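Q: Supplied in structure tokens, the structure appears directly below.
The values are calculated or read from the model by the stated rules, or taken from the named source; none is laboratory data. All values derive from a computational prediction rather than experimental measurement. No Cβ is skipped: glycine too gets one built from the backbone with ideal geometry, and neighbour counts run over all protein chains shown. Heavy atoms of the whole protein, side chains included, go into the accessibility calculation; ligands, DNA and RNA do not. Shrake-Rupley method; radii C 1.70, N 1.55, O 1.52, S 1.80 Å.
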Amino acid sequence: MVIAGATGGIGSQLLEHFDAASYDPRKQEYPTGHDVFINCIGYNVDGMSHKIRACDFREVIDINLNLAFEMTQHALQDMRSRSYGRIIHLSSMLSTKTVVGTCAYSASKAGLNAMVRVMGEENRTKNVLINSLNLGYIDAGMTHKLDGIQGASIQEVIRACEMLIDSDLI
């Protein structure tokens, strides 16, 4: 198993639980020979739509969507050659829920979910299943510091990942 975005928050906890290999796409080639790839990379620049800088918007899209596409392509080459694989992208409820100040993040996660649906259909006949988890507020990662909001536990995220890894459904 390979986990990207394991430097903190949810990713580091998944890395520890699954005893997986950490993958930093900025520093290394995709490690081949793994049946499972989990993308935990998430980046955000909060700001009202009329105030956020275009370069900040692009950076959020580049990290959350374009990088996810590139990593998935690398994983697919390896998994398709072996006719087996599971790819899980951690996404967000903000892909469908309107929250003021999250324009860039919400757009990037909506794009990620659309990409996952298409890639899932394209690769299921090769027994490579691609899914996303639309997480709400979690007690780790970017939302752990939100006052007054009861988030889900990391154990719930782990159980969802385990279910998708063991599943034959897209």
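Q: How far apart, in nm, are the 7 Å Cα→Cβ label points at residue 93 and residue 24?
A: 3.2 nm
Q: Straight distance only, please: which aspartates and glutamates reach the Cα of residue 126 with their own Cα at less than 20 Å, same-chain residues fewer than 8 apart left out?
A: Residue 126 reaches 35, 70, 78, 166, 168.
Q: Using a cut-off of 13 Å between beta-carbons, work out the net charge of the residues near residue 64 (Lys and Arg +1, Asp and Glu -1, residue 64 not included). Intermediate results must be reported in sequence, preceding the final value.
A: On the way: positive: 58, 109; negative: 56, 59, 62, 70.
Taking every Cβ under 13 Å from that of residue 64, the sum is -2.
Q: Let me ask something additional. Quick one: 3J(HN,Hα) in Hz for the stretch 18-23, Karplus 6.51/-1.76/1.60 with θ = phi - 60°, rounded, Gly and Pro as x.
A: 8, 6, 9, 8, 8, 10
Q: If you don't mind, another one. Per residue, how much accessible area does the stretch 31-86 have with a 1.4 Å probe, in Å²?
A: With all protein chains present, the stretch 31-86 gives 53 Å² per residue.
Q: On C-alpha positions alone, give me the angle between the axis of helix 67-82 and the longest principal axis of the chain, in degrees, nearest 10.
A: The angle comes out near 10 degrees.
Q: What's the angle, to the nearest 10 degrees (0 to 90), between helix 103-123's Cα axis and the longest principal axis of the chain?
A: It is inclined by approximately 20 degrees.
Q: Another question, then. Please give, to one decimal in nm, the separation of the simple spin-label points placed at residue 80 and residue 52, each 7 Å out from Cα toward the Cβ.
A: 3.1 nm
Q: Sorted from largest down, what three extents in whole angstroms do the Cα atoms of the stretch 8-104 have along their principal axes?
A: So the three principal-axis extents are 47, 26, 25 Å.
Q: How far apart, in nm, are two points set 7 Å out from the Cα along the Cα-to-Cβ line at residue 121 and at residue 32?
A: 3.0 nm
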